[in-house]
Structure formats: structure tokens, C-alpha cells
Amino acid sequence: MQLGVIGLGRMGQIVVDRLLSDGHDVVAFDLDEASVETAADAGAEPADSIDDLVAMLPERKRIWLMVPAGDAVDATLSELDPLLDGEDIVVDGGNSHFERSIDRGNSLSAAYLDCGTSGGPAGAELGFSLMVGGPAGAYEELRPAFDAIATGPAGHDHMGPQGSGHYVKMVHNGVEYALMQAYGEGFELLAEGRYDLDLESVARTWNDGAVIRSWLLELCEEAFREEGSDLGDVDDHVAGGSTGTWTVEEALEQEIAIPLIYEALGERFDSRLEDGKFSRRLANRLRYGFGRHEVKRRE
Ligand SMILES: NC(=O)C1=CN([C@@H]2O[C@H](COP(=O)(O)OP(=O)(O)OC[C@H]3O[C@@H](n4cnc5c(N)ncnc54)[C@H](O)[C@@H]3O)[C@@H](O)[C@H]2O)C=CC1
Ligand SMILES: O=C(CO)[C@H](O)[C@H](O)COP(=O)(O)O
């Protein structure tokens with residue numbers, strides 16, 4: 001199969017490499033020329049523009065988007081739309097909001113698949129986990145490409161109608177936040193608690209058969225191996241947060257309680273407060289008010 005891939009960053013280059021190594025042909029485009037060259041070095045046909053990419057594809061065009069969620073997706077689709085028709089298929093493999101994907105699917109001239117992608121840059125070797133929403137016929141048509149980009153045939157599935165792929169990926173990310181928080185809290189107690197522990201050793205031991213073994217825990221092991229048990233100079237500022245925010249917003253709309261994910265999101269926001277957390281500072285001062293307990297002051 002021949003596919004166009006637009007967006008050749010950390011994830012898009014992997015999509016290109018995995019398609020090529022499974023015997024597919026790829027036409028590649030990115031706003032960044034160096035990224036196009038990298039894809040061409042890997043064996044893709046380089047395109048100079050979206051027009052050029054579309055012109056290089058066969059009559060029934062299959063195009064994979066791996067650009068940042070939001071404006072970049074809209075900009076790409078508005079250029080693609082006049083060049084496509086109902087026989088064509090576009091996949092958005094990024095972390096788009098599911099409601100945006102429903103709107104895009106309704107307005108695009110081509111069939112639109114919203115595909116949640118999990119596995120990160122480590123997916124280069126293993127392949128990704130792909131959660132696909134949209135027209136079932138388009139999903140079946142692209143099954144060979146999904147087989148190549150995912151870990152294999154078991155690494156992808158059709159979740160349901162338009163939006164459901166990105167909906168499932170949004171919830172996946174909420175779970176990711178809560179798991180990171182749970183591991184973080186456990187290791188915090190171990191780091192600050194009563195034993196002087198080698199946390200890489202703890203993580204390695206847990207990863208070998210323990211109930212809580214997981215890929216995130218393997219990444220904890222890697223972090224302690226590379227940074228040390230005290231995490232060296234790693235800051236406590238945690239970036240990101242959009243997909244977790246959407247998960248919490250959706251839970252509120254559905255009146256479903258997801259306190260762990262909400263807490264994990266809040267911890268992330270708190271990590272970015274330059275002056276520390278106001279409510280903690282106020283609690284510090286209030287203890288003086290009601291009990292004449294010492295107020296801890298900044299240096
Ligand atoms: N990095 C990760 O671990 C994961 C990322 N994702 C999602 O995949 C998508 C891509 O992520 P990354 O590869 O990490 O981002 P990235 O920032 O590494 O790459 C994005 C690429 O898109 C290109 N680009 C931006 N606007 C463009 C446009 N209008 N036309 C053509 N090219 C354009 C950029 O030049 C860049 O090369 C995002 O939606 C992200 O949320 C999903 C799962 C995991
Ligand atoms: O989708 C992902 C992992 O599954 C991406 O790494 C995403 O960027 C993570 O979300 P956030 O930026 O909110 O941490």
C-alpha cells in the first residue's frame with residue numbers, strides 16, 4: 001500500500017519507518033525540511049508541499065497525519081480537503097480532542113479515522129497500540145497499515161464511531177496520569193521513609209513478577225538508574241496536561257467520579273506554581289493564628 005505521512009517528528013518518523021519496513025511505500029511531508037530529509041534517507045519519497053504529496057499518491061489516497069493536535073491538524077485538513085474525495089482516507093494519529101475529531105469527520109470530503117496512538121518513541125521497535133474510531137470500512141481498508149504501525153494485528157482495533165478512537169486515548173492518558181501519581185507517591189515514601197533504599201533495585205525487583213509491574217514502572221527503574229535514587233537535579237515541574245484536563249472535563253459532564261485522575265492532574269498543575277501553593281502557605285499561617293505554632297518563612 002502507498003501512504004502519505006504528514007508530520008515527521010518523534011512519532012511521525014516512526015510511522016514512516018514501520019510502514020517502510022513492512023514493505024509499504026511512503027510519501028512524506030513536514031513543514032520542517034530536515035525532517036523530510038530524514039524520512040527520505042529512510043526510504044520515503046519526499047514531498048515539497050501538501051499539494052505535492054497528494055499529487056504523488058495514487059487515485060485512492062491514504063494519508064496519515066502525525067502533527068501536533070489543534071491548529072496544525074486544522075491547517076493540514078483545510079489544505080487537504082479540496083484535493084480529496086469520498087474514496088480517500090485520512091487518519092489523525094495525534095492526540096486530538098474527540099469532539100474536534102467528530103466535527104472534522106463530519107466536514108471532511110474524505111473518510112476520517114481518529115486514531116489514538118500509545119507507546120511513545122519507544123514504539124519504534126515494539127510498534128504502537130492504536131485505538132481507531134470512524135467508518136468501519138475505512139478501518140478495514142487500512143488494516144495492513146495498522147498492522148505495520150501497531151505492535152501487530154493485536155495492537156489495534158476499531159473502537160466505534162467517529163471520535164471514539166480519540167475518546168479512548170483521552171481516557172488512556174487520564175489513567176497514565178493516575179498511574180504516574182501512584183508510582184510517584186510510593187517512591188516518595190520509600191525515598192523519604194525509614195530505610196536508605198536503592199530505588200532502582202526496588203523498581204527492578206517489583207518489575208520482576210510483582211503485582212504492580214508495568215512499562216511505567218520499567219521507566220521508573222530507568223529513571224533511578226540514570227538519575228540516582230534521589231533523582232539528582234530533576235526538577236519537580238511537570239509539563240503537559242491537556243489530555244488529562246479533557247478526561248476530567250468529560251467525567252464531570254458524564255457525572256462520573258474519577259478522583260485519582262483529578263488529583264493527579266491537580267498535582268501537575270501545582271508543580272508549576274512559581275510561588276508555591278497558596279493554600280499550603282495559608283495553612284502554615286493559620287496554624288499560627290489558632291495555635292501560635294511557628295510560621296515557617298521563606299529564606
Ligand atoms: N510524543 C509522544 O510520546 C506521543 C505523541 N502523540 C501525539 O502525536 C502527535 C505528534 O507528536 P510528536 O511526534 O511527539 O510531535 P513532534 O513535535 O515531535 O512532531 C510534530 C511534527 O509535525 C510537524 N508539523 C507541525 N505542523 C505541521 C503542519 N501544519 N504541516 C506539516 N507538518 C507539521 C512539525 O514540524 C514536527 O516535525 C501529537 O498530537 C502528539 O500529542 C501521541 C502519543 C505519544
Ligand atoms: O499521549 C502521550 C502519551 O500517552 C503523550 O506523551 C502526551 O504528550 C502525554 O500527555 P501530556 O502531555 O498531557 O503529559
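The values are calculated or read from the model by the stated rules, or taken from the named source; none is laboratory data. Please read all numbers here as calculations on a predicted model, not as lab measurements. Heads up, the Cβs are rebuilt from the backbone with ideal geometry, glycines too, and the neighbour counts pull from every protein chain shown. Side chains included, ligands, DNA and RNA excluded: accessible areas come from the protein's heavy atoms. Shrake-Rupley method; radii C 1.70, N 1.55, O 1.52, S 1.80 Å.
Brief remarks follow.
- Area of ILE212 that stays accessible when all protein chains are in place (1.4 Å probe, Å², to 10): 70 Å²
- Nonlocal amide H pairs with GLU45, under 5 Å, H built at 1.01 Å: VAL26, VAL27, ALA28
- The mean of 1/r over all distinct Cα pairs in the chain, once inverted, gives the Kirkwood hydrodynamic radius of 21.6 Å.
- When the solvent-accessible area of the stretch 199-299 is split by element, carbon and sulfur atoms take up 52 percent of it, the probe being 1.4 Å.
- Over the chain: helical MRE at 222 nm, DSSP H runs n ≥ 4 each giving -39500 (n - 2.57), nearest 500: -15500 deg cm²/dmol
- FRET E, pair ARG225, ARG10, Förster distance 35 Å, beta-carbon r, rounded to 0.05: 0.95
- Listed residue (LEU286, VAL238, ILE258) projecting farthest to the positive dipole end of the chain, Cβ model: LEU286
- DSSP-assigned coil residues among GluC sites (Glu not before Pro) in the stretch 1-88, each with at most 12 further Cβ atoms within 10 Å: GLU59, GLU87
- Sum of side-chain charges, SER201 neighbourhood, beta-carbon under 12 Å (Lys, Arg +1; Asp, Glu -1): -3
- Per residue solvent-accessible surface (Å²) - the chain, probe of 1.4 Å: 56 Å²
- The slack in the chain from VAL295 to LEU260, taken as 0.36 nm per residue of separation less the alpha-carbon distance, amounts to 9.5 nm.
- Cβ charges +1 (Lys, Arg) and -1 (Asp, Glu), total dipole of the stretch 169-291, debye: 560 debye
- Heavy atoms of LYS277 accessible to a 1.4 Å probe, total area in Å² rounded to 10: 60 Å²
- Kyte-Doolittle mean at least -0.5, axial Cα span of 15 Å or more - DSSP H helices of the chain: 164-192, 215-227, 259-270
- For the stretch 172-244, the list of chymotrypsin sites (Phe, Trp or Tyr not before Pro) that fall in a loop by DSSP and count at most 15 other C-beta atoms within 10 angstrom reads TYR195.
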